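Notes to accompany the following structure.
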Amino acid sequence: MKLLIAEDFEPLRESLREGLEDAGYAVDATGDGEEAWWYLRGGTYDAVVLDITMPKRTGLWVLDRLRESDIDTGVIVLTARDTLDDRVDGLNRGADDYLVKPFAFPELLARLQALLRRRAGRAAPLVHAGPVTVDLVRKQARVGDEPVALTPTEFGILEALAYAAGQVVSRAALGEHLYRFDGEPDSNAVDVHLSQLRRKLADAGAPDVIVTRRGYGYLLELGNPCRH
C-alpha cells in the first residue's frame, strides 16, 4: 500500500517515513502543502498523513482540494492543536481521523491500519481466501497454520488484492499501490513479483487463490478457489 507523509518538521517526517517503510508501506514524503497537493493529484495513494501547519499551503487547504476534486484518499490529520473546534473542523472538511502531536508511532500505525481496513469495508484484520489467511496488521500470510515467507513486494501484491478481495485489481493499479512516486516499475516487474507470489502460495498448498481475469486484472478468490 502507498502512503504520503506531508509534514514540515524534517526529523518527524523522516522518522515517520522510515517507520512506515519498515512496516511494509511504499512511502513518499514532502515538507510543504503545495508539493503535497502535487503528489496527491498526480498519484494514487491509499492514505495521507497530513500536517495542518505547513509552508506554502496549509494541510486544511490540501484537504479541501482533495475533497473538492473527489479524490478519495484516506486522510489522517496531524496537529499540535487539541481543541474540540479544531478536531470538528478537520473532520467536517473530510478528514478520516485526527492525531494530536506529540503521539507514539504505534498509535499512528494502528490508526492507519484501521483507516485502510475501514475504507476497504473490513473491520477485521484477517482476510481468508480458501486456505490462505492474510494478516493485514502483522503483514503476514499463512496457508493453513504455516506461514509463507514473502518479500515485502510480494506481500504488497497480496495485501492489495486482499483489501479488494472479490474485486478485480488491474496490473496498473497494483503497480501504483506498490511503488513510490518516482519508483513505479513497468508492468513486467509487477508480473515477475506476481509470478513469484503465486509460486510460493502453490508450493505451500494454495495454487488457485489468485485468479486472472484476462484483459482486466487479478482478484483474490474468497471461499473455495477455482482453477482458471
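Given the options Val132, Val62, Leu84, identify the residue whose Cα lies farthest towards the positive end of the charge dipole of the chain (+1 on Cβ of Lys, Arg; -1 on Cβ of Asp, Glu). Positive-most Cα among the choices belongs to Val132.
Please work out the Cα center distance from region 52-84 to region 121-184, rounded to the nearest Å. Computed from Cα coordinates, the inter-centre distance equals 28 Å.
With θ taken as phi - 60° and the Karplus curve 6.51 cos²θ - 1.76 cosθ + 1.60 applied, the whole-hertz 3J(HN,Hα) list for region 190-195 is 4, 4, 4, 5, 5, 4 Hz, x standing for glycine and proline. Cβ-to-Cβ counts within 10 Å put Trp61, Trp37 in ascending order as Trp61, Trp37, the fewest first. From its DSSP helices (H runs of at least four residues, each -39,500 (n - 2.57)), the chain gives a residue-normalised ellipticity at 222 nm of -12500 deg cm²/dmol. In this structure, the amide hydrogen of Gly74, modeled 1.01 Å from its nitrogen in the peptide plane, lies closer than 5 angstrom to those of Ala47, Val48, counting only residues at least 5 positions away or on a different chain. For the pair Gln196 and Ala110, the difference between a 0.36 nm per residue extended length and the Cα-Cα distance amounts to 28.0 nm. For the pair Asp70 and Arg93 in one chain, pulling the backbone fully straight at 0.36 nm per residue adds 7.0 nm over the alpha carbon distance.
Ranked for footprinting exposure by Cβ neighbours inside 10 Å, fewest first, Leu50, Leu115 give Leu115, Leu50.
Here's the list of lysines a cross-link from Lys200 could span, going by alpha-carbon distance under 30 Å and ignoring same-chain residues fewer than 8 apart: Lys2, Lys139.
Computed about its Cα centre, the charge dipole of region 93-144 is approximately 80 debye, with only Lys, Arg, Asp and Glu carrying charge at their Cβ. Remark: the Cα gyration tensor places region 12-52 in the oblate category, a/c being 1.5 or greater and a/b not exceeding b/c.
Going from the fewest other Cβ atoms within 10 Å to the most, the residues Ile52, Ile76 appear in the order Ile76, Ile52. Here the contact order of the chain, divided by its residue count and restricted to Cα pairs under 8 Å and six or more residues apart, works out to 17 percent.
Where a number appears in this text, it was derived from the coordinates with a stated rule and is not lab data. As the structure is a computational prediction, the values presented were derived from the model and not from experiment. In this analysis, Cβ positions are derived from the backbone assuming ideal geometry, glycine residues included, and neighbour counts consider all displayed protein chains.
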